[in-house]
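Visitor: Encoded as structure tokens, here's the structure I'll be asking about.
The values are calculated or read from the model by the stated rules, or taken from the named source; none is laboratory data. These numbers come from a predicted model, not from an experiment. A quick note on method: Cβ atoms are made from the backbone with ideal geometry, for glycine too, and the neighbour counts reach across all protein chains shown.
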Amino acid sequence: MIISKKHLTAVLSAFSFIALTGCASTVPSADFKKPIADTYRLCSNDDARVKFVATEGLTLNGYDLHRLKSRIQQAIDTKKSHIKCKTPDKRVFVLYSKITNYDEGNDFARFMLAGLGQIHIDGDFVLSLLPAGDEKVAEFTIQKTFAWGGLYGASIGIEDIEPAFAEGVAKAIVAQTAE
């Protein structure tokens, strides 16, 4: 069987698309320590303030911390803007975010063999409702790991997996449908 250049190009393009949309963009799921009740899920009227800290000893500079915080805030704001609230009341939430692991991995190791030089972002999150602020309405952990090898693995950096991590945080606290 002879494969034409046109068919080969189509197959390679499809494979490239699948490879490039693989693990780096997969949204992680939250592991809830205290599940969020549907009544506390955010919707368009709500305000969410992200407070951010990193575990001592992490190699996470101020610029990276600010960028990750901004991505989480933007993911929450974007996701909740599409969810209409049943009540006109505006609620104010604070998402206390603690990054527990921020490892950029090693692109050369990932290039050499899948599984080596992995990228990790892990965080613990507590969602509280103001004005009290000490009432935990949800508590969860999210972990995002990237471990592909080859050229794809070497071409992905931690900034490429941050949006999926942020989307996982937003998915955990924003209502999925109108309340």
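Visitor: Checking the conditions here, which among Thr100, Thr78 is hydroxyl-bearing (Ser, Thr, Tyr) and more than 13 Å from Ala166 (Cβ to Cβ)?
Guide: Thr100
Visitor: Given (1) in a helix (DSSP H, G or I); (2) over 25 Å from Phe32 (Cα atoms); (3) touching a helix residue (DSSP H, G or I) at 6+ places or on another chain (Cβ under 9 Å), identify the lone condition not met by Arg71.
Guide: (2)
Visitor: I've got another one for you. Which condition does Ala109 not pass, out of (1) surrounded by 15 or more Cβ atoms within 10 Å (Cβ to Cβ); (2) touching a residue at least 12 places away in the same chain (Cβ under 8 Å), if it passes all the others?
Guide: Only one criterion is unmet by Ala109, namely (2).
Visitor: Give the residues of the stretch 125-160 that are of a type in the set (D, E, K, R) and assigned to a helix (DSSP H, G or I), sorted by residue number.
Guide: Passing the criteria: Glu159, Asp160.
Visitor: Which members of the stretch 28-64 meet the condition of being buried (at least 17 other Cβ atoms within 10 Å of the Cβ) and closer than 30 Å to Leu151 by Cα?
Guide: Pro28, Ala30, Leu60, Asp64
Visitor: Further question: Scanning the stretch 144-155 for residues that are surrounded by 18 or more Cβ atoms within 10 Å (Cβ to Cβ) and modelled with pLDDT of 90 or more, which turns out farthest from Asp47 (Cα to Cα)?
Guide: For the stretch 144-155, the residue satisfying everything is Phe146.
Visitor: If you don't mind, there's one more thing I want to ask. All but one of (1) in contact with a helix residue (DSSP H, G or I) (Cβ under 7 Å, 6 or more places away or on another chain); (2) closer than 21 Å to Gly105 by Cα hold for Ala138; state the number of the condition that does not hold.
Guide: (2)
Visitor: Of the residues Thr141, Thr100, only one is under 21 Å from Gly62 (Cα atoms) and surrounded by fewer than 18 Cβ atoms within 10 Å (Cβ to Cβ); which?
Guide: Thr100
Visitor: Name the one entry in Ser44, Ser97 that is more than 20 Å from Ile156 (Cα to Cα) and free of Cβ contacts under 8 Å to residues at least 60 places away in the same chain.
Guide: The conditions single out Ser44.
Visitor: From the list Ile72, Ile119, which one is crowded, with 16+ Cβ neighbours inside 10 Å and under 30 Å from Cys43 (Cα atoms)?
Guide: Ile72
Visitor: With (1) touching a residue at least 40 places away in the same chain (Cβ under 8 Å); (2) under 13 Å from the mean Cα position of the chain (by Cα); (3) over 17 Å from Phe52 (Cβ atoms) as the list, and His120 as the residue in question, which single condition is left unmet?
Guide: (1)
Visitor: Select, from Lys80, Lys171, the only residue that is within 12 Å of the chain's Cα centre (by Cα) and of a type in the set (Lys, Arg).
Guide: One residue alone meets the criteria, Lys171.
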